[in-house]
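Take a look at the structure set out below.
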Amino acid sequence: MTVTDAGLSFWLRYVDATGGLVEENGDTTLVVLPDDLQRQLDLPEELQVTADPDVARDDGVTFLGAGHPALSRSADEVLAIGDVAANTIVIPATLPPSVDHLQDAARNQFTVEHGRIDATGSVTRGIRPILRVGAIVDYTLSADDRYQEVAECWMDAASLRPISTSMAERLARCDLRPTEARVGDLIPVVTASDRYLDDAATRRRTALGSDVDKALTAELERVETYYRDQLAQIARRANAAPPDRRELYDARAESTRGEHVRRLAETREKYRASHTIRPFRLHLIEVPVWRVPVDVRRGERRYPLTLDYLMPVGAFAGVPCPTCSSDKTLVATKSTLGCTSCQVRAVTTAPESAPAPPRTPKPTRPKPERPKPERPQSPAPEPPAAKRRRPTPPRQPSPSKIGRAGEKLVDRLWKGVAADDDRLADLCADGSPAAAAVRLFGARGLGYVIGLPEDDRPSSADFHTFPGEPTRPHHCAGILETARGWRLPFALRWAGSGPAELVEEILPYARPVPRGQLFPAPGGPGEAGLHRPPEPRAPLGPVSETLWLRTLPEYGLPVTLRCLAALWRLFDESMLVSAHGPTAIAAGLERMICVRAGIGRGHYAEVAAAFRVTERVLRRVNTDLQARLQLGPETLW
């Protein structure tokens, strides 16, 4: 019998499906190829193939295993054609389960805090579409490290959420029958699947590149050490040289600095990590369900839902949060049905309650006054109001004036981003994340913060201005329309400074958030760009490079820009790097920023493990950074 591996088996099936002939002949397989396949694969019309190296030593037998050009060309052709189908799962006709049975199953599967699930109607049969997407992911970790893997995603078209692995495995074993697709618009579910695969590939790339990150950090440190020594040596020679030769040493030092910048750029390019996703499978699967209407009850309040019981799986499809579409545990409140994530967020973003009125002091008995000697009559005392004169609080401009200023600011901002106008640097507050974005990318960086693609530009903005309290920043929040038709949420935090308004920060949210708070980026077309922006224009130092490699993929640009804004306020960065190392400084900055933003990991042990430094070193770094930066409620970066 012919010895075949996975590669040869695939190739034989490919030849058979494209009009060729395949016939087993003992230890080999006889293959006859049509004319077009001969030209495509560069093979003769008739040949004997095998996957056994010992058999391949005989004359006239072709060894066709992994790496053979014919196998690679066939695989590329199959991937280019793709695997597209619409199927339905075959389920025998059965009576529907009782309403009480599905109600008990729903209560066992779903947890609703402060609420209970009650069935409110009869059981009906329905169809729930699920999209199965397969792709080849090519990972490039450095110039020498490349990997290729197969990724798959099962996405629920109704909720735009991935189904669990156990459900996907059960559905993959079901009997399928071809059918006509009955789903209208597949763009939302295809977009959600693409975003899910891209996020999974980003996490996988980060895990694969842990050793590569170490190599990059080590090589950058070697480059820094080498050129620092070269510049120090040139400086010593220049100091000892006669005045007429110092210009030569100055020119040599300038040339060495330029070579230093080029060498850093070459090193980063060598270790630039990326991935490419090539979809090859798109299956729309119609899953039969038992559909039951229910109410989530909290006392007399009712929140209606519709649950789908997947027949082949024996479980309900997931129920996303009606408020924020997350898959967290549902919470029934007195006003809405949400989840543990958005309810906590709503409490965090609620306006502060008015201060309680001062208590009236209890009356006390007046003490008997002692007789005092008579004194000359003094001038009349000042009125009581004059004695209790208080400093006048800063005057707050009227809401209409703040609104007009916000309109002018947003219009100037997005027009400047579209034109890549470097004068936008004057519009950003010194030492702010907005200024850090302009320093990294130029004016376009203010668009990258909300996920604006490099080849797109702002078109129009629909927003509302939210005046802040006196001495507090104002907000403009809404949706930015782009030339390519994308709708990107943005929240602009700005403050008045004399006659001018200065931008402090831009965030990828469609509403203002409390000062300092950051949340995970909402889903949308710009989410991927927050974690993979273009390369910065300005060269990065060792600490900035570490933040770019570790913090950016994990938290995106908003957190990274806050870290860089804090880093660039340090006047003795090189001294701290010499004392603790760039990795420890980056870890300390990330922890301090994330703790004040209420996002991500905040424990010393977690951050130390993520950056591969000791907790003891991280605590020392935190003490040194806090002494210099003085971060607090009013100083967030």
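The values are calculated or read from the model by the stated rules, or taken from the named source; none is laboratory data. Being a predicted model, the structure only gives us computed values, none of them experimental. Note that each Cβ is placed from the backbone with ideal geometry, even for glycine, and that neighbours are counted across all protein chains shown. Calculation scope for accessible area: heavy atoms of the full protein, side chains included, ligands and nucleic acids excluded. Shrake-Rupley method; radii C 1.70, N 1.55, O 1.52, S 1.80 Å.
Note down the relative contact order for the chain as a percent, whole number, built from C-alpha pairs under 8 angstrom at least six residues apart.
For the chain, the relative contact order is 10 percent.
Over the chain, give the accessible area per residue in Å² for a 1.4 Å probe, as an integer.
With all protein chains present, the chain gives 56 Å² per residue.
How high is the FRET efficiency from V22 to D83, r the C-beta distance, R0 22 Å, rounded to 0.05?
Efficiency, rounded to the nearest 0.05: 0.60.
Given 0.36 nm per residue, what is the gain on full extension from D421 to R246 after removing their alpha carbon distance, in nm?
Once the chain is fully extended between D421 and R246, it gains 59.1 nm.
Beyond 22 Å, what share of the Cα-Cα pairs of the stretch 1-92 remains, rounded to the nearest whole percent?
Every Cα pair in the stretch 1-92 considered, those over 22 Å come to 30 percent.
Given Cα pairs under 8 Å that are at least 6 residues apart, what percent is the relative contact order of the stretch 504-567?
It rounds to 32 percent for the stretch 504-567.
In a shell of Cβ-Cβ distance under 13 Å around A241, excluding A241 itself, what net charge do Lys and Arg (+1) and Asp and Glu (-1) give?
Spelling it out: positives minus negatives among the neighbours equals +2.
Per residue of the stretch 148-162, what does 6.51 cos²θ - 1.76 cosθ + 1.60 with θ = phi - 60° give for ³J(HN,Hα)? Whole Hz please, x for Gly and Pro, Karplus curve as stated.
Calculated HN-Hα couplings, in order: 9, 9, 9, 10, 9, 9, 10, 10, 6, 5, 6, 9, 6, 10, x Hz.
Which shape class, rounded, prolate or oblate, goes with the stretch 518-637 when its Cα gyration tensor gives a ≥ b ≥ c as root eigenvalues, a/c under 1.5 marks rounded, and past that a/b bigger than b/c marks prolate?
prolate
Separation of the stretch 100-151 and the stretch 243-318 by C-alpha centroid, Å?
Value for the Cα centre distance between the two parts: 19 Å.
In angstroms, what radius of gyration and Dmax does the chain have, counting Cα atoms only?
Over the chain's Cα set, Rg and Dmax evaluate to 33.3, 135 Å.
Just to confirm a number: summing +1 for Lys and Arg and -1 for Asp and Glu over residues other than Y147 whose beta-carbon lies under 13 angstrom from that of Y147, what do you get?
Spelling it out: positives minus negatives among the neighbours equals -2.
Using only Cα atoms and rounding to the nearest 10 degrees, what angle (0 to 90) does helix 187-208 make with the longest principal axis of the chain?
80 degrees
Output the 0 to 90 degree angle, nearest 10, between the alpha-carbon long axis of helix 6-17 and the longest principal axis computed from the alpha carbons of the chain.
It is inclined by approximately 70 degrees.
Alpha carbons only, please: Rg and Dmax for the stretch 53-147, in angstrom.
Rg and Dmax of the stretch 53-147, Cα atoms, are 26.3, 77 Å.
Let me check I've understood the local charge: for H68, count other residues with C-beta under 15 angstrom from its C-beta, Lys and Arg +1, Asp and Glu -1. What total comes out?
-4
Tell me, what % of the accessible area of the stretch 1-157 is carbon and sulfur with a 1.4 angstrom probe?
For the stretch 1-157, the apolar C and S fraction of the accessible surface comes to 49 percent.
Please compute the length gained on full extension between H283 and R262, using 0.36 nm multiplied by the number of residues separating them and subtracting their Cα-Cα distance.
Roughly 2.8 nm would be gained on extension.
Counting helices only, and only those DSSP H runs with n ≥ 4, report the 222 nm mean residue ellipticity of the chain as the sum of -39,500 (n - 2.57) divided by its residues, in deg cm²/dmol to the nearest 500.
Taking each H run of at least 4 residues, the total per residue is -13000 deg cm²/dmol.
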